[in-house]
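The values are calculated or read from the model by the stated rules, or taken from the named source; none is laboratory data. Remember, it's a predicted structure, so these values are computed and weren't measured experimentally. Using ideal geometry, Cβ is built from the backbone for each residue, glycine included, and neighbour counts are taken over all protein chains shown.
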Amino acid sequence: MTQAQRPKILITGATGQVGSKTIDFLIANTDIEIIAAVRSPEKAAPLAARGIATVLLDLDDESTHLPALAGIDRLFLVTGYTVDMLRQSKALLDNARKAGVKHVVHLGACGRDDTTVAHWAWHQLVERYVEWLGFTFTHLRPESFMQNVLSYGGKRVINNGIINAYIADARMSWVDVDDVAQVAAVTLAHPELHAGKTYRLGYDAVTYEELAELMTSIVGQPFRYEPLAPEVFLKAMQDAGAEMAYMNCVYDHWKRYAARMIPGADDTFDNFPEITGCAPTTWAGFIERHKAELVY
């Protein structure tokens with residue numbers, strides 16, 4: 001395959017945790033060309049230093065869309081955590097269609113098809129729009145990120161062995177961000193194998209009590225779970241000046257988790273080996289890998 005024939009893949013969210021790791025999985029693949037979408041030249045510099053091509057793309061500035069999408073064959077669509085994701089996704093997808101993009105891999109959220117958790121449902125509306133515009137597609141629906149137990153919203157979640165969360169004693173399904181990125185990379189590199197698929201990504205289900213027991217066993221120090229009321233989260237978001245249309249939805253879903261009112265909250269799946277040829281990360285493996293960060 002010649003340089004000119006290599007399909008070009010645009011990675012949005014290229015400096016975020018999923019986008020950056022997706023690039024890591026793709027960078028050695030000489031059959032494709034990676035282009036990272038960034039909001040500023042400052043964000044581009046570390047990527048350019050690694051030899052990764054960059055384009056300027058601001059989801060809120062539609063004048064940047066078509067130049068960034070020029071010549072792109074496949075798009076990894078990652079949006080921010082605000083209600084603006086709906087408008088941003090529609091505008092970018094409309095312009096992707098104009099630019100001739102063929103395949104879209106969309107990073108969505110948890111949930112069964114009939115979910116009524118608001119921000120999960122927003123992602124499913126984006127999925128339908130991708131399909132309606134006629135792209136070939138792969139939809140990714142990751143469950144809760146394991147990394148959220150290390151930090152959430154820029155703050156440590158575990159302090160001196162005490163784990164705080166807002167879901168009482170409910171069991172949740174979890175996935176390692178690295179596994180999400182690996183699936184994203186595979187589906188972007190081989191759309192012919194994954195077009196038309198919706199992949200729910202969750203491979204270990206535990207309560208926070210069980211998680212504390214695992215950490216105690218593996219790290220060798222005592223950990224315990226102290227649940228917090230969802231209202232604590234809501235006030236923290238209000239005090240931080242967060243975008244509350246989105247955060248009110250998150251508050252509502254913490255309440256639903258705690259009340260065990262989310263069907264399939266602990267669903268797990270067996271699709272990872274078929275997609276990637278590897279075994280997914282379990283909580284035991286994740287804790288072992290991050291032991292140094294958990295020691296206190």
**OP:** Return only the number of the condition from (1) of a type outside the set (A, V, I, L, M); (2) modelled with pLDDT under 95; (3) assigned to a helix (DSSP H, G or I) that Q238 does not satisfy.
**Re:** (2)
Subject >> Condition check for V55: touching a Phe, Trp or Tyr at 6+ places or on another chain (Cβ under 6 Å), surrounded by 14 or more Cβ atoms within 10 Å (Cβ to Cβ), at pLDDT 95 or above and part of a strand (DSSP E or B) >> reply: no
Subject >> Criterion: touching a residue at least 12 places away in the same chain (Cβ under 8 Å) and closer than 28 Å to D114 by Cα - qualifying residue of E192, E209, E243 >> reply: E243
Original post:
Any residue in the range 256-279 that is assigned to a helix (DSSP H, G or I), of a type in the set (A, V, I, L, M), more than 19 Å from D178 (Cα to Cα) and modelled with pLDDT of 95 or more?
Top reply: yes
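Could you pull out the residue among K21, K98, K102, K8 that is farther than 24 Å from T198 by Cβ and surrounded by 15 or more Cβ atoms within 10 Å (Cβ to Cβ)?
Exactly one of K21, K98, K102, K8 is farther than 24 Å from T198 by Cβ and surrounded by 15 or more Cβ atoms within 10 Å (Cβ to Cβ), namely K8.
Out of curiosity, is A44 modelled with pLDDT of 95 or more, over 12 Å from F76 (Cβ atoms), touching a strand residue (DSSP E or B) at 6+ places or on another chain (Cβ under 9 Å) and of a type outside the set (F, W, Y)? Working first, answer last.
Numbers: modelled with pLDDT of 95 or more: yes; over 12 Å from F76 (Cβ atoms): yes; touching a strand residue (DSSP E or B) at 6+ places or on another chain (Cβ under 9 Å): yes; of a type outside the set (F, W, Y): yes.
It is true that A44 is modelled with pLDDT of 95 or more, over 12 Å from F76 (Cβ atoms), touching a strand residue (DSSP E or B) at 6+ places or on another chain (Cβ under 9 Å) and of a type outside the set (F, W, Y).
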**OP:** Could you tell me which numbered condition D61 fails, if it satisfies all but one of (1) surrounded by 15 or more Cβ atoms within 10 Å (Cβ to Cβ); (2) without any contact (Cβ under 8 Å) to a residue 40 or more places away in the chain?
**Re:** (1)
